Structures are given as structure tokens and as C-alpha cells.
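The values are calculated or read from the model by the stated rules, or taken from the named source; none is laboratory data. All values reported here derive from a predicted model rather than from experimental measurement. Note that we place each Cβ from the backbone using ideal geometry, even for glycine, and neighbour counts take in every protein chain shown. Side chains included, ligands, DNA and RNA excluded: accessible areas come from the protein's heavy atoms. Shrake-Rupley method; radii C 1.70, N 1.55, O 1.52, S 1.80 Å.
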Amino acid sequence: MEKIPLDKSNSFTKNAQIMPTSPTTPHSVSFSDDQFTDVDQFTNAISTINDKSSSLPEVPDCIETLSKIVESRIAKYSSGEINMKVGKMTEEDSFFIEAVRRISKLTSALSEFSSDSNANPSLNQTSVVLQRAMAFLEEEFRALLEDTSRNEPDHENLPNIRKFSSFSSKNQQEHSDRCAFQREQDSGESDEYAAYPPELVVKLNKISTTMISGGYETECCQVYFIARRNAIKNQMNKLEFEKINMDEVVKMPWESLETEISRWIKVVKNCSDVIFPGEKKLGESVFSDYPLIFRNLSGNLVRVVVILLLDFVEATAMAKRSAEKLFKYLDMYETLQNLIPAIRGESCSDELMEEVVVSIDRIGESAASIFCELENSIKGDAARTSVPGGAVHPLTRYVMNYLKYACEYKDTLEKIFEKHAELENKYIKPQSNHLSSHDIEKEGESPHDYDTASSTTPFSIQVVMVMDLLDANLEQKSKLYRDPSLCYVFLMNNGRYILQKVKGSTEIRQVMGDTWCRRKSTIVRQYHKNYQRETWNRVLQCLNHEGLSVNGKVNKPLLKERFKIFTTTFDEIHRTQSMWVVSDEQLQSELRISISSVVIPAYRSFVGRFKQHLDSGKQADKYIKYQPEDIETLIEGLFEGNTASMARRKT
């Protein structure tokens, strides 16, 4: 801007006229663009004077006029004659902002001549006006920021808080094969947060710039911080999250704590995806001329919110640990991990980031400890009562469901156990009590070996350890059965269930590996062979041809005894094993087919060879109770699982 020199009388040359006004109607005072130019030129002229102890040039009348106009506008705004909070930057608003900025610059320039008595009247006048103007702008800034009716999302459109029940107890009913746990699911996007109209953001920007440039940075930042802190608090309240005393969290029943964790997760996700990005976008617009100031403001806002969230994590990690809490803890771990990118940047201090990392480690340590407690749960399950019919044990269902859902968090648990587990020294190689050394050598080693896992990591080693303990526990439980055949059916049922669970879950199969699956299949097949040998060899001995012919003649009494023993033995097996349980349809079919393939051909051959040596008629029917087709039908009735009858029997 061109600088206007001082005239010979050391006064400022005025080229604009003050419009006549009535002294009784100060609100009608107006100001032209030329008068604004005069104010700017005077301000620039005195700012360039190097000797501030020299006399101040004569202050032009436009300075007093401008001061009166600013006071007049403040009075109009205060009386409601002019509404500044309509959200749109009107000409009146623009004029007022520009006038205050000029008053601010002028006051700053005049203050350097405070020792000049000629400057004091103008300095006092502009200082008072500036103070009133800034006080007014501060209130307007606060009112615009707190005008939540236009910028807050509708409460009813916010994502609902869903309560997820914990992992089901291992004491659930035997037939239940479902885990009640569900991973926290993301609901739809919420309405845009902090969505001020563009015109209002422009006005906020102009006010903040005016206040900061006028030396009112502290007041401006304080108003903005408090308003946005309250807005964030309101948003969190709408998500039904409130600060809870740490002692209350530690002592809270799991059902209540589970709900609070779900709510906390929702709030953190909302902060990561909505609140923090929304605050960043708003702040960068409002303080576009002062990015460093906003970074400090943003850092303080983020810290207040994050510390509140971390306090809940700290309290949760201190709560009593139990198996059903694992999955919620893992959800918290992942949620905190996802929070880091949302707060990382110039506005987040290293100290705050370190606190977040510490909280992640704390909740991760709790999760690792809970998972390791699964070992103690298995060791402590020393039931003295056998499961009726050799069915799948509830412990097997519980552990495999637990592992299945745990492996859905495979990547997270890998990170956790990298820090919190040293499992190699704890590993104990399992022993099989049901496979002979010949069987092991022939069929291959136990599947539970480090080399069988797809990758040897701390978490995969931990899963193998759990599998080892489960197998050892099941082998001990199999000894509760007096009937060796039922013992093998029990091991077969549980082994097949474990195998199918692993094969049916991509995540757990990735942990265990294909080699483990093949070796486990070999062990289950061996249980099958052992069952068949234990049960049906004695049936086949009844159908042995040896000893029935002496010197070419059939020993009829011995033949009749053989038929009688076969019928009695088969009836006893059928009566007993039709009450045994094989719930896996494929395994049930495989068992029946393998039995039929051995028994029916042998029986058909025996009947065909020796039936003619019995007296015809009633005598033959007396000793040959079943035809081969009857045997096949009866075999199809095995393993139906009449557990009510089985429960009344001693096994």
C-alpha cells in the first residue's frame, strides 16, 4: 500500500470526508472505503517511524469515527438488531471484522508511542474499543461453536451398541456345538461429525484470525478447546460411554463389564474413524492461518480423550482374568492398534503415543495370560464319570470351539505371544497310551510335534501344547470305560471331532498345518482298527471252519454250539453297541461299512457251508436265528446312541 508522507506541520494528510451524523444517533455513523484507506495509511505511516520517542503525527478524525462505528456495531449485535449467529457471513459481519482488525493494528502501532501524551487519548480510545470488540468476538466464537443444533449427528442414527454374550461355558449341554461368542462387527457409518455449514466455518476462521492477530490467542484457543471438548463429550455420551471409576471396573461382574467393553470399543472406533478426523478437518479450516496453534490445540484435545479411554483399559487389565474374557480383550487390543494411525502425527506427543503402546501391551499381556489359563482348565478337568455311549466329551467341544475362535485372531495372538510367551522350554512331548511301539513306528509319530505345524511361532507352539494336554486328558478319561471297545469308540469320536474342527476352520488349520492333519487321521484310523479287532474278532472266531470237520464228517454238536455262540455274541454286541454314540455321520457310516465288510461275508460263507448239515425245518431255524441280510440290517442299527438306556448301564 502506498505510504502517505507527513506534511510540513507533521500532520497526516486526509483525503476522505466524514459523513455528517447526528450526535444523538451514533448508530447511524457510516464509514467509506476511502476512510478505511486513510486508517491503513496512518497505521502504516506511524509503524515506519524508527524513533518512537518522537512526536506522534496528528491523529486523523477517521480514527475516532472508526472507533465509534465499532462500538455502534457491538451495540447493534448485542441488542439483536443485527444477528451475527445466523451462520452466513453478511456484509455487516465482514465490515465489522475488517474494522476490528484495523483497530487492532492501529492500537498495536499507537502503543509504541505510549510516552507521547498526544497519543494517549487515541490509544486509550482504541484500546477500550478493541477490548470490547474482542470480548464480543469471543462470545460470538463460543456461541457459533456451541450451536450444536446444526452440526451434531442425530442420536437415533448413531450405530447401536450391541451386547455380545461371552464364550459359552464348557459345562454347556453335551450336544451343543456352538460358541455364543461373536466378534465385534462394525455397523454402518454414522452421520458426518462436526459438519458445520461452510459459511459458518468461514466466519469461525475470520473470528479466530482476528482474535489471534489482535493478541487474544489465549482467549480464542480456550474457547475453542472447551467447546470442542464438550462436543466430543456429547458425542461419547450419545454412544452411552461415561467415565467409570477404576475400582468399579475391577469389581464389575463380567456381564456388566462385557457391555462396557462393547461400548468402549464402539467409542474408540468412533474416535478413530469419525471424531478425530472430523476435529482435524474442522480445526484446519478454522485455524488455516495458524497451523502450529491448531496442532497444539489438537494435541491437547486428543490427549484428553485418549487418556480417558486408556484409563478404562488400565482398569480392565486389572480385573480378574477368566477364559470367557479373552475375545473381548483381543477386540480391545485390535481397537487400540487401529487407534494409533488416527492419532499419529504432529499433534500427538511422543509421551501420549508411548502411553497408548503401554496400554496395548497391558491388555495383550492379560489376553496371553487368559489363553495360557486354558492349559490349567484342561489339567483341572479330572471328571470321574464317563460320558454315556463314548460320545464327544464336553471338554473337547469347549476346547476346540475356544481354539477355533481364538485362531480367528491368529495375527493378533501372534503379535501378543511374540512379546509375552517363551513356550519352547515349557513344551512336553506327548505320549500315546493306546498305540503300541509297533503302531507308532508303522503309522508315524504323534501329530503334536513342532515340525507338523505350518510355522513354528510362539502362538502355534501354544496351540500345540493345548492339543497335547487335551489328548492326554482324553486318554485318561478313556480309562473310565470298562469295555475296551467303548474306550476306542470314545477316543475315535473325540479324535474325529478334533480333526473335523481343525479341517473345518481355515484359521486353525493354518496354525496346525496339513502334516498335523494327516498324522491325526492316522491315529484316528488306528483307534478304528483297534475297536474292530477288540469287538469283532471274537465274532469271527465263532465262524471259523477249523475243527468242525473230523475225517470228512461235520461235528454237528460243535456246529450247533458255534451257531449258538455266534447268535449270543452278536446279540450282546448289538444290544450294547446300538446304545453307543457316534454322532459324526461319516464316521458312523465308515464303522458300519467296515463291520459289514468283515462280518457279513464270513457269516454268509459259514451259513452256506454248514446249514445243510443241520436237520431241516425247525431245527435249522432254532440254530440259525439270522440270515445274512438280517445281520446287515442289525449292523445298520449300531451307534444310534440310546443314551437314556446307556446312562443306566455301568460301563
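Details
- Qualifying position, being of a type in the set (Lys, Arg) and modelled with pLDDT under 50, among LYS404, LYS429: LYS429
- Within the stretch 501-525, the set of residues being small (Gly, Ala, Ser) and either assigned to a helix (DSSP H, G or I) or surrounded by fewer than 18 Cβ atoms within 10 Å (Cβ to Cβ) (or both) comprises GLY504, SER521.
- Picking from residues in the stretch 552-590 that are outside any helix (DSSP H, G or I) and within 22 Å of GLY641 (Cβ to Cβ), the one that is modelled with the lowest pLDDT is SER583.
- A search for C-beta distances below 6 Å between a residue of the stretch 272-288 that is farther than 16 Å from LEU145 by Cβ and any residue that is of a type in the set (A, V, I, L, M, F, W, C) and not in a loop (DSSP other than H, G, I, E, B), counting only pairs 6+ apart in sequence or on different chains, returns SER272/LEU339; SER272/ALA342; PHE276/ALA342.
- ARG592 vs. criteria among the basic types (Lys, Arg), surrounded by 15 or more Cβ atoms within 10 Å (Cβ to Cβ) and under 57 Å from the mean Cα position of the chain (by Cα): yes
- Qualifying residue in the stretch 274-283 (condition: touching a Ser or Thr at 6+ places or on another chain (Cβ under 9 Å) and farther than 21 Å from CYS220 by Cβ): yes
- Test: residue in the stretch 248-266 that is of a type in the set (Ser, Thr, Tyr), in contact (Cβ under 8 Å) with a residue 12 or more places away in the chain and in a loop (DSSP other than H, G, I, E, B): no
- When each of SER288, SER322, SER262, SER272 is tested for being more than 23 Å from the chain's Cα centre (by Cα) and surrounded by fewer than 21 Cβ atoms within 10 Å (Cβ to Cβ), the lone residue that passes is SER288.
- The single condition among (1) open to solvent by less than 50 Å² (accessible area, probe 1.4 Å); (2) over 15 Å from CYS348 (Cβ atoms) that LYS281 does not meet is (1).
- Among the candidates GLU373, GLU354, residue that is open to solvent by 10 Å² or more (accessible area, probe 1.4 Å), acidic (Asp, Glu) and farther than 30 Å from VAL304 by Cα: GLU373
- Matching residues in the stretch 473-500 - criterion: being outside any helix (DSSP H, G or I) and either farther than 25 Å from ARG538 by Cβ or open to solvent by 20 Å² or more (accessible area, probe 1.4 Å) (or both): LYS479, LEU480, ARG482, ASP483
- Only one of VAL489, VAL466 that is at pLDDT 90 or above and under 26 Å from the mean Cα position of the chain (by Cα): VAL466
- Looking only at residues of the stretch 81-116 that are among the hydrophobic types (A, V, I, L, M, F, W, C) and open to solvent by 10 Å² or more (accessible area, probe 1.4 Å), we find that the one that is modelled with the lowest pLDDT is VAL86.
- The selection criterion, being over 21 Å from LEU413 (Cα atoms) and either in contact (Cβ under 8 Å) with a residue 60 or more places away in the chain or not polar (S, T, N, Q) (or both), holds for ARG303.
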